[in-house]
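Taking it in order: structure first as structure tokens, then the write-up.
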Amino acid sequence: MASLGERIKQIRKQQGLTLQALAGDQLSKGMLSLIENNKANPSMESLAYIAERLGIERNELLQEMPTAELRALLDEIEEKRRNVSGTSDEMMSGYEEIAERIHPYVEKLPFRYESARLLEIYSRCCYHTKRYDWKPAFDRAEAIYEQLHLINSVADLHMFRALMKFTEHQYTEALASLQASRKTIEEQSGVLDPLKKLDFDYYESILYSATGDQKNARRLMEEAIEYSKKHQIFYQINALYRLAGFEALLAGDLERKDYYVGKLKLFAEFSEDPEIAAYATAIEIHYLNSFTHEYEKADRLLEEMRLLLDEEDFYLLEKGKALYGMGRIEEALDCFNQHRMNRFIHHPYDLSMHYEKEAYMALIYEQLGDHEQAKIYAQQAKELIEPMPALPYKQFILETHRKIFGKADR
């Protein structure tokens, strides 16, 4: 990173100025040469004079990264962040790449919004990858945002802090943290920015459902959807419709499930985003496989969805279930063996759904005559599902365990 003197020399030469031209009548040519070669430190008055002669702000010389370089780095990082996708391993690789790119600059970032944003992204990537210490960067980002009075950015960090507890499966603590943060932000800002309100509503609804409070989860979801419709704000509406449709499915309210899946499809048409329509199809696939057992229909929809949505963990799980239901147990076993649960899955609903895999594998091994292997998978499924809420997945897994151990022990 260039020193103060080197930055002065670089900008002077970029502007085609000689030492004498920049020195003017308030600095000697010799003193300016010493400053540029890091053999003398300018006073604040001299620094202000040099900056004025160069036509830039004094802070641009003082900071360790020039504004243009800082903005270019942020633009690059934001582009990398937007492109992080795919499997959990691919996402982790993306986060590692971003963290490594920012790491050399962390201690040299000046007091600016761009620096806070870089520190925020860096801390998030470090938290996920555990490669560097995320907390000092997180705290610096929060301090800069607060001093710049960027309440929405502070709110984002507060939400991330609460969701850290969620990823550690501390659901009650995560909900309490999010609610405390929401209260703090509301007190600071008076009225929440509409987008931040929807963020808080969405995450609070998720955390209510994770703690088993379906009543408040549904209330907040529906309030957020009505607020979005009333104010014509489509931010988070895709996620809210998906969440509401899945919650209705688990509650056994098929009319409400169909309503929200239909809304999701309409929104996909409106936004011309086929991926959103694929998420609506994913809800239907899960319903057909796990609730109505229409495996052939589920299988057809799976192949259609796969062309539009890169969710290999979901595809392999549901494909295995459909194949099992159609009696193609060895093909099903192959899908289950390929399946790897995304490491970013933490909600009890999602975890329970994926834990069914071990129960299906137990049933397959039982049919193949390998009782010992069937018992191993049945026991694994039971241990995984026991801390989870009483959902249909849990009932299926526990029934499978009783069936396998009842047969194997006779």
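The values are calculated or read from the model by the stated rules, or taken from the named source; none is laboratory data. Just so it is clear, the structure is predicted and the values come from calculations on it, not from any experiment. All Cβ positions, glycine included, derive from the backbone under ideal geometry; neighbour counts span all protein chains shown. Surface areas here come from the heavy atoms of the whole protein model, side chains and all, with no ligands, DNA or RNA. Shrake-Rupley method; radii C 1.70, N 1.55, O 1.52, S 1.80 Å.
Computed values, structure above
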{"item": "Accessible area (Å², per residue) of segment 1-157, counting only protein heavy atoms and a probe of 1.4 Å", "result": "53 Å²"}
{"item": "Apportionment of accessible area to carbon and sulfur, segment 108-148, percent (1.4 Å)", "result": "51 percent"}
{"item": "GNM result for the chain, Cα springs below 10 Å: residue of Q236, Q380, Q147 fluctuating most strongly", "result": "Q147"}
{"item": "Descending semi-axes in Å of segment 326-410, equivalent ellipsoid built from Cα gyration tensor", "result": "21, 16, 10"}
{"item": "All aspartates and glutamates inside 15 Å of K321 as judged from Cα atoms, apart from same-chain residues fewer than 8 positions distant", "result": "E284, E294, E296, D299, E303, E312, D313, E330, E331, D334, E356, E358"}
{"item": "Segment 362-410 - percent of accessible surface contributed by carbon and sulfur, probe 1.4 Å", "result": "50 percent"}
{"item": "Rg ratio (alpha-carbon, reference 2.2 N^0.38 Å) - segment 264-409", "result": "1.08"}
{"item": "Two-site label geometry, E146 and L17: point separation in nm, points 7 Å out along Cα→Cβ", "result": "3.9 nm"}
{"item": "Segment 184-322: Rg to Rh, with Rh as the Kirkwood radius over Cα pairs", "result": "1.02"}
{"item": "Rg and Dmax [Cα atoms of the chain; Å; Rg one decimal, Dmax integer]", "result": "28.1, 102"}
{"item": "Solvent-accessible area, 1.4 Å probe, carbon plus sulfur percent, for segment 186-335", "result": "49 percent"}
{"item": "Contact order normalised by residue count of the chain, Cα under 8 Å, 6+ apart, percent", "result": "8 percent"}
{"item": "Residues of segment 195-295: accessible area per residue with a 1.4 Å probe, Å²", "result": "44 Å²"}
{"item": "Equivalent ellipsoid semi-axes, segment 143-200, via Cα gyration tensor eigenvalues times 5, rooted, Å", "result": "20, 12, 9"}
{"item": "Rg/Rh for segment 150-265, where both radii come from Cα atoms and Rh is the Kirkwood radius", "result": "0.98"}
{"item": "Gyration tensor (alpha-carbon) shape descriptor, segment 69-203, a/c threshold 1.5", "result": "oblate"}
{"item": "Value at 222 nm in deg cm²/dmol, rounded to 500, when DSSP H runs of n ≥ 4 in the chain each add -39,500 (n - 2.57)", "result": "-24000 deg cm²/dmol"}
{"item": "Over segment 1-73, volume per residue of the alpha carbon convex hull, in Å³", "result": "80 Å³"}
